[in-house]
Amino acid sequence: MVVSKMNKDAQMRAVINQKLIETGERERLKELLRAKLIECGWKDQLKAHCKEVIKEKGLEHVTVDDLVAEITPKGRALVPDSVKKELLQRIRTFLAQHASL
């Protein structure tokens, strides 16, 4: 029963993602997110964190994969709630307009 619900959820996510791509809304949401993250200073904060990690470990000892693994949790945590809420609201509005999904 649990596996069936997981499969159904995955199918629904795939259908929604496909509709977002087809309508161009996914790209618009990505651009909105990019602009909001720059506006709130998120990008600068993450850049500074990257520099700290590289300085701590030494440039020769850090791979891109290491850096991504190190900064991803902090990057997610630094996204302001207001940005998350705005994005979620835009997705909900999109879904309401495309209720036939």
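Remarks
- A probe of 1.4 angstrom, applied to the heavy atoms of all protein chains, finds residue 82 with accessible area near 80 square angstrom.
- Label-point separation in nm, residue 96 to residue 78, each point 7 Å along Cα→Cβ: 3.3 nm
- Area accessible to solvent at residue 29, 1.4 Å probe radius, in Å²: 20 Å²
- Across segment 63-70, coupling constants 3J(HN,Hα) worked out from phi with the 6.51/-1.76/1.60 Karplus curve, θ = phi - 60°, read 9, 4, 4, 4, 5, 4, 4, 6 Hz, and Gly and Pro carry x.
- Using a probe of 1.4 angstrom and keeping all protein chains present, the accessible surface of segment 28-98 works out to 75 square angstrom per residue.
- Read-out Cα Rg over 2.2 N^0.38 Å, derived from the coordinates shown; its label in [x] 1.22; [y] 1.09; [z] 1.41: [z]
- Maximal additional length on extending the residue 16-residue 30 stretch stands at 3.5 nm, based on 0.36 nm per residue less the C-alpha distance.
- Signed unit charges on C-beta, dipole axis of the chain, positive-most listed residue 11, 83, 73: 11
- In order along segment 39-44, the Karplus-derived 3J(HN,Hα) couplings, from 6.51 cos²θ - 1.76 cosθ + 1.60 at θ = phi - 60°, round to 4, 8, x, 4, 4, 5 Hz, and Gly and Pro are given as x.
- Basic side chains Lys and Arg get +1 at the Cβ, acidic Asp and Glu get -1 at the Cβ, and with that the dipole of the chain about its Cα centre reaches some 420 debye.
- Label-to-label distance, nm, for residues given as residue 7 and residue 69 (7 Å Cα→Cβ offset): 3.4 nm
The values are calculated or read from the model by the stated rules, or taken from the named source; none is laboratory data. Predicted model only: the values in this text are computed from it and were never measured. Glycine also receives a Cβ, built like all others from the backbone with ideal geometry; neighbour counts cover every protein chain displayed. The area values use the complete protein model at the heavy-atom level, side chains included, leaving out ligands, DNA and RNA. Shrake-Rupley method; radii C 1.70, N 1.55, O 1.52, S 1.80 Å.
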